[in-house]
Amino acid sequence: MIENLMINEYIYLFFLIFSRYLGMMLLTPVFSSQVILYQVKVLVALTLAVLTFPLVSGMYPPVSPDNNLLVIVEIISEASIGLFMGLTVFLVFSAVQLGGQIIDMRMGFRIANVVDPFSGANSPVIGQLNNIFVTLLFLALNGHLYLVRHLYESFEIIPPGRVNFSSQLWQYFFRRSADMFVLGVKIALPIAGAIFFIDIILAFLARSVPQMNLFVIGLPIKIMAGLILLFVLMPVLNNYYSEIIMNVINEIPALFRLIAP
């Protein structure tokens, strides 16, 4: 009877670990991509849980829940840890794509949408280009490996089944959501601002030369200017995107401390 109880407690502990890794696969950029099959995501989470289980079981004694309802609540709570980590990184990717959409609107690409292979949603051209660029940078900086390591280290901060949703956690995400719009405007400002000055010049031309069809002339000019500026600013954007990616990855342990008991 005691042996059966211990087996059930270890199985319960394993599923708590597995749920935390599975939550990472649901929302984290790259891991949550629709290009990756769901079976592969579950297999990766299962492999990470198997590798982590011996270490975590040595750190904490297995504890069985009091009732079946508590099992469901704690499994969902464990999955939310991976979801919160993925949401933090996802907000940065969304800010970069938002900046690209603002540039698209100024360049005249807003009506031209392409399918995002990662999320399956429609996205403007420059927004999709920014999204692919920041994804490649994320992989080049080993951001996916850092996230796996941070999630493993989260077991030292948050014991399995001991999740605490404090009010500071929600304040953190409200602040990060607001910062997403600020970051998107900062990314789009150099190119969108330059195109705005081009619009002012074209407006003066429209007043001085009424015979000129500025709709036909102005749209190619704005597209060409936007693409040239995007090419010139690519090294600067490379450093800026790398900085914000590493900053959000380094914030993950602080996020886990907001969920710690």
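At 25 °C and 0.890 mPa s, grab the translational diffusion coefficient of the stretch 183-261 from Stokes-Einstein with a Kirkwood Rh over Cα pairs, rounded to a whole number in µm² per second. If you can, show how the numbers build up before the last one.
Details: Rh = 15.7 Å.
Calculated translational D: 157 µm²/s.
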In degrees between 0 and 90, to the nearest 10, how far off the longest principal axis of the chain does helix 143-157 point, with axes built from Cα atoms? 40
Between VAL182 and GLU9, what is the label-point separation in nm under the 7 Å Cα-to-beta-carbon projection? 4.8
Can you run the Rg to Rh ratio on the stretch 2-259? Use alpha carbon positions and the Kirkwood inverse-distance Rh. 1.13
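Give me the extension gain from VAL236 to TYR38: residue separation times 0.36 nm, minus the current Cα-Cα distance, reported in nm with one decimal. Walk me through the numbers on the way to the answer.
Working: separation 198, 0.36 × 198 = 71.28 nm, distance 3.62 nm.
Between VAL236 and TYR38, full extension yields an extra 67.7 nm.
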Using 0.36 nm per residue of separation minus the Cα-Cα distance, give me the extension gain between ILE132 and GLU153 in nm, one decimal. 4.7 nm
Can you run phi through the Karplus equation (6.51, -1.76, 1.60; θ = phi - 60°) for the stretch 200-208 and list ³J(HN,Hα) in whole Hz, with x for Gly and Pro? 5, 4, 5, 5, 5, 5, 5, 6, 7
For PHE15, what charge total do you get from the other residues with a beta carbon under 14 Å from its beta carbon, if Lys and Arg give +1 and Asp and Glu give -1? -2
Only Cα pairs within less than 10 Å get springs; with that Gaussian network setup on the chain, which residue of PRO190, PRO159, PRO61 has the largest fluctuation? PRO61
List the relative contact order of the stretch 2-259 as a percent without decimals, with contacts defined as Cα pairs under 8 Å and 6+ residues apart. 25
Between helix 2-27 and the chain: long-axis angle, C-alpha atoms, 0 to 90°, nearest 10: 0
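Coordinate-derived values only; no laboratory data. Being a predicted model, the structure only gives us computed values, none of them experimental. When we count neighbours, we look across all protein chains shown, and the Cβ atoms used for this are built from the backbone with ideal geometry, even at glycine.
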